[in-house]
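Structure first, commentary second.
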Amino acid sequence: MTENRKIVLAYSGGLDTSVAIRWLKDLGWDVIALTVDLGEKKDLDAVQARALKTGASAAYVADGRHPFLELFVWPSLQAGAVYEKEYPLATALGRPLIAAMLVQVARREGATAIAHGCTGKGNDQVRFDVATVALAPDLEVVAPVREWGMNRDDEIEYAHKHGIEVPATSQSPYSTDENLWGRSIEAGVLEDPWTEPPGDVYAWTKDPRRCPDEPAYVEIGFKQGLPVSIDGRATDPLEIVTALNRIGGDSGVGRIDHLENRLIGIKSREIYEAPAAVLLLQAHQALEDITLPKEVARFKELVGQQWAQMVYDGLWFSPLRDALYAFVTETQAHVTGDVRLKLFKGSSTVVGRKSPSQLYQLSLATYGRGDAFDQKAAAGFIKLWGLGVRTAAQVQGRLPERELGNLLGDVKRLAP
Ligand code: ARG
């Protein structure tokens, strides 16, 4: 390999990517580290310094928090994206953004490749690789962990041998990834799906047993499907998500135990903490319940599932997302209003929703005074609605006795 070929490495400051700097250098690469801040609250100056100390020729730290929320999380919230009914996709949504930023640094530095620290068994490698192919098909992707065949102990030994400081976080029995939309935890005792997650797995959410004895209420305001206020106070996306992670976490809301299907065919068990995501998805759904026409709501559910699968499977930068997003955007025009949630010892419940353009109309729904619904018209509607069933019963027959047996048994009959 020719000297001075530049490669941009997604650098977390952890053991894998620290060892990767050295390993890539030994292959002749000029390594440029990029650390993207997605809100994981770590000491980024220390990470940047560590990159240089470990052998990177330059170390970037970029703030990805706003683009993460506005370009990746918000559209997914509007779509109602939850993978396999459980996972709000925090890690999966962060990867395409990091890949896009790697590509931008590569262009700025004239690099010919990017690198990431993903293993060959997970979804994240797919997300990095496919996003890179979509944005910059000319760039090579190198995944050292997929190639070097070292286990954790080998890596620690390699680090000691090469004078690479072993980060304190590699003492944790778990593998974690976090950003503003959630925290993912796997490995250690969690690999036994019969074992209840021990308390030390959780960092953002309180044990429900230690939560306040009084419920907490929070009101979220939306405009066209996007959250714009909390308890009547208008705020920006970063503040909204940060506040809801704290409010939800204080009530123990947002713990998820998911036995999931990875793209590459393995089933794995992952624990998630995602208080803000859980609350926002729940509130957004409640507002759609009161504003979307029935047929749109039903079809949108399928779109949301497809969206989640697409994100999970690494197809963020794809024609499918463009097409799905056109549909999702169209549905959000009237998803404006407020939702009130009640949080109590690990659970959250929608207890109020209202919208200036709600399709819920009291005059139609009420059983009380002011009923505008024409009950007599129901008879004619049902006559035609049931016409097909009537015809089938008359022509082809349907004998209830045959499939149901005698349901009445020795019923008691009384006559005067
Ligand atoms: N299973 C999740 C996904 O594929 C999270 C992956 C990262 N998890 C971790 N603990 N490092 O999106």
- [ ] Output the number of the condition that Pro167 fails; it satisfies all remaining conditions of (1) more than 16 Å from the ligand (Cβ to nearest atom); (2) in contact (Cβ under 8 Å) with a residue 24 or more places away in the chain; (3) farther than 30 Å from Asn261 by Cα.
- [x] (1)
Open item on the list: What's the total number of residues in the stretch 1-38 that are open to solvent by 10 Å² or more (accessible area, probe 1.4 Å), in a loop (DSSP other than H, G, I, E, B) and touching a helix residue (DSSP H, G or I) at 6+ places or on another chain (Cβ under 7 Å)?
Closed with: 1
Task: Hey, Val145 open to solvent by less than 20 Å² (accessible area, probe 1.4 Å), in contact (Cβ under 8 Å) with a residue 12 or more places away in the chain, touching a helix residue (DSSP H, G or I) at 6+ places or on another chain (Cβ under 8 Å) and within 16 Å of the ligand (Cβ to nearest atom) or not - done: no
- [ ] Restricting attention to the stretch 262-276, report how many residues are more than 9 Å from the ligand (Cβ to nearest atom) and surrounded by fewer than 23 Cβ atoms within 10 Å (Cβ to Cβ).
- [x] 5
Task: Of all residues in the stretch 159-213 being in a loop (DSSP other than H, G, I, E, B) and of a type in the set (Asp, Glu), the one that is farthest from the chain's Cα centre (by Cα) - done: Glu165
Task: Selection status of Leu259, assigned to a helix (DSSP H, G or I), touching a strand residue (DSSP E or B) at 6+ places or on another chain (Cβ under 6 Å) and either surrounded by fewer than 21 Cβ atoms within 10 Å (Cβ to Cβ) or not aromatic (Phe, Trp, Tyr) (or both) - done: no
Open item on the list: Against the definition (open to solvent by 10 Å² or more (accessible area, probe 1.4 Å) and modelled with pLDDT of 95 or more), how does Leu279 come out, yes or no?
Closed with: no
TODO: Evaluate the following for Leu315: is it open to solvent by 20 Å² or more (accessible area, probe 1.4 Å), touching a residue at least 24 places away in the same chain (Cβ under 8 Å) and within 16 Å of the chain's Cα centre (by Cα)?
DONE: yes
Task: Residue list for the stretch 242-288, restricted to those being among the charged types (D, E, K, R) and closer than 22 Å to Ser175 by Cα - done: Arg255, Asp257, Glu260, Arg262, Lys267, Arg269, Glu270, Glu273
- [ ] Answer yes or no: is there a residue in the stretch 132-140 that is within 16 Å of the ligand (Cβ to nearest atom), assigned to a helix (DSSP H, G or I) and touching a Phe, Trp or Tyr at 6+ places or on another chain (Cβ under 9 Å).
- [x] no
Open item on the list: Of everything in the stretch 174-187, what is more than 6 Å from the ligand (Cβ to nearest atom) and more than 15 Å from Leu15 (Cβ to Cβ)? Give them in sequence order.
Closed with: Glu178, Asn179, Leu180, Trp181, Gly182, Arg183
Open item on the list: Within the stretch 73-87, take every residue that is hydrophobic (A, V, I, L, M, F, W, C) and open to solvent by 10 Å² or more (accessible area, probe 1.4 Å) and give me the one that is farthest from Val303 (Cα to Cα).
Closed with: Trp74
TODO: Could you grab the pairs with beta carbons closer than 7 Å, sequence gap of 6+ or different chains, first residue in the stretch 31-51 and over 20 Å from Ala20 (Cα atoms), second one crowded, with 24+ Cβ neighbours inside 10 Å and of a type in the set (S, T, N, Q)?
DONE: Leu38/Asn179; Gly39/Asn179; Glu40/Asn179
Task: Conditions (1) surrounded by 15 or more Cβ atoms within 10 Å (Cβ to Cβ); (2) within 16 Å of the ligand (Cβ to nearest atom); (3) part of a helix (DSSP H, G or I); number of the one not met by Gly122 - done: (3)
TODO: Answer with yes or no whether Val328 is in a strand (DSSP E or B) and at negative phi.
DONE: no
Task: Any hit, the stretch 307-320, residues being more than 24 Å from Thr119 (Cα to Cα) and either within 16 Å of the ligand (Cβ to nearest atom) or at pLDDT below 95 (or both) - done: yes
TODO: Considering every residue within the stretch 387-407, establish whether at least one is surrounded by fewer than 10 Cβ atoms within 10 Å (Cβ to Cβ), touching a helix residue (DSSP H, G or I) at 6+ places or on another chain (Cβ under 9 Å) and farther than 30 Å from Gln282 by Cβ.
DONE: yes
Task: Residues located in the stretch 45-102, provided they are within 20 Å of Ala283 (Cα to Cα), more than 16 Å from the ligand (Cβ to nearest atom) and not in a helix (DSSP H, G or I) - done: Gly80
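The values are calculated or read from the model by the stated rules, or taken from the named source; none is laboratory data. If you're wondering where the values come from, they're calculated on a predicted model, not measured in any experiment. Note that each Cβ is placed from the backbone with ideal geometry, even for glycine, and that neighbours are counted across all protein chains shown. Protein only, heavy atoms only, side chains kept; ligands, DNA and RNA dropped before computing areas. Shrake-Rupley method; radii C 1.70, N 1.55, O 1.52, S 1.80 Å.
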